[in-house]
């Protein structure tokens, strides 16, 4: 696999959310606005890059039997770093993401990539994989947030959109909207895959 | 005091349902909800671990981290404690109650990555609950998870025999169903 393919596989073909189905809780819980989606995407990407590179560096030292606890400690360290950084530099984002920042630690994407990729590949490949998967996660979050913010508030990135802002369906930015938009989006992705043979 | 505890309990089960309102613990909710039997097993295991984890993490926060001003270790210590707690519970259950292990055993390891358990522990700390309130909240949240999983499994067993468009089969229809279920649960919002 070339470096470019390594980087771009997560964007769409192996998208962690839509195709692999990992990390659903944050995907639905914080996708009520585009700003939150981008913030969550950046936080998760940072943790992915940090943990993937660190685990790849240490992969010959970590004993196979206790690798999962070791991975979790490494991941939790980076989660704590990003949690404190966001709290210090962007208190508003920290307040709206709430407990979902510490919950990145149980996001299956990160542990999944550590186990399936970083544990077996070189540091450079792991870095590309982490960036690709992180961007794929952010893209998926933004897709969901785009529909939810537009239909639920009539806004995009907080800016009112003419036609939609008249009667926004508030339910879309609440929990039910997340489930419904996500369900329809995976169905749409499958429809495209079956039509285009991708 | 008693009335407040009952209010916390009811709110945790219905109004702030872990899955359908707070969107925590989706992986087991979608993954284990295709059969009623396994949904019951998973639900019981979650109630048990959630109660235990809340008591333990509350004690760690208030007796170790706070006095030593180590609050920044919260995430790391909680996840490690929950992971080892689950392992420990698995070993104890296997030794003490083999029959229970038969029905709960396979679900226990999965709970480590269930974000509802860590989520409820963090919410308990964030809201400043005391130990009794935290336990009641965890019990209610676990029960709420159990109910949501059970309802979902009942619906999905019926979905298996219905005529669904090819691309909607499996996960997509499950999510849309969960959305409708969450809408129904929003009806509880004026209860307390």
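Key figures for this structure:
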quantity: Filtered residue count, region A:151-191, keeping only those that are without any contact (Cβ under 8 Å) to a residue 40 or more places away in the chain, away from chain B (no Cβ under 12 Å) and part of a loop (DSSP other than H, G, I, E, B); calculated: 6
quantity: Helices (runs of 4 or more DSSP H) lying entirely in region A:18-120 (those with 3 or more residues that are surrounded by fewer than 19 Cβ atoms within 10 Å (Cβ to Cβ) and out of contact with any strand residue (DSSP E or B) (no Cβ under 9 Å at 6 or more places or on another chain)); calculated: A:34-57, A:67-89, A:91-97
quantity: Number of the exception - residue A:130 against (1) within 13 Å of chain B (Cβ to nearest Cβ); (2) at pLDDT 90 or above; calculated: (1)
quantity: Within region B:6-26, considering residues that are part of a helix (DSSP H, G or I) and within 12 Å of the chain's Cα centre (by Cα), the one modelled with the lowest pLDDT; calculated: B:26
quantity: Criterion: in contact with a helix residue (DSSP H, G or I) (Cβ under 9 Å, 6 or more places away or on another chain), more than 13 Å from every other protein chain (Cβ to nearest Cβ) and over 17 Å from residue B:151 (Cβ atoms) - qualifying residue of B:51, B:68; calculated: B:51
quantity: Of the criteria (1) surrounded by fewer than 22 Cβ atoms within 10 Å (Cβ to Cβ); (2) part of a helix (DSSP H, G or I), which one residue B:29 fails; calculated: (1)
quantity: Qualifying position, being within 11 Å of chain B (Cβ to nearest Cβ) and within 16 Å of the chain's Cα centre (by Cα), among A:97, A:141, A:111; calculated: A:111
quantity: Candidate set from region B:156-176 (those that are in contact with a helix residue (DSSP H, G or I) (Cβ under 7 Å, 6 or more places away or on another chain) and within 8 Å of another protein chain (Cβ to nearest Cβ)); member that is farthest from residue B:26 (Cα to Cα); calculated: B:167
quantity: Test: residue in region A:141-150 that is without any contact (Cβ under 8 Å) to a residue 40 or more places away in the chain and surrounded by fewer than 24 Cβ atoms within 10 Å (Cβ to Cβ); calculated: yes
quantity: Of the criteria (1) more than 9 Å from every other protein chain (Cβ to nearest Cβ); (2) farther than 27 Å from residue A:79 by Cβ, which one residue B:133 fails; calculated: (2)
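The values are calculated or read from the model by the stated rules, or taken from the named source; none is laboratory data. Because the structure is predicted, anything quoted here is derived from the model rather than measured. A quick note on method: Cβ atoms are made from the backbone with ideal geometry, for glycine too, and the neighbour counts reach across all protein chains shown.
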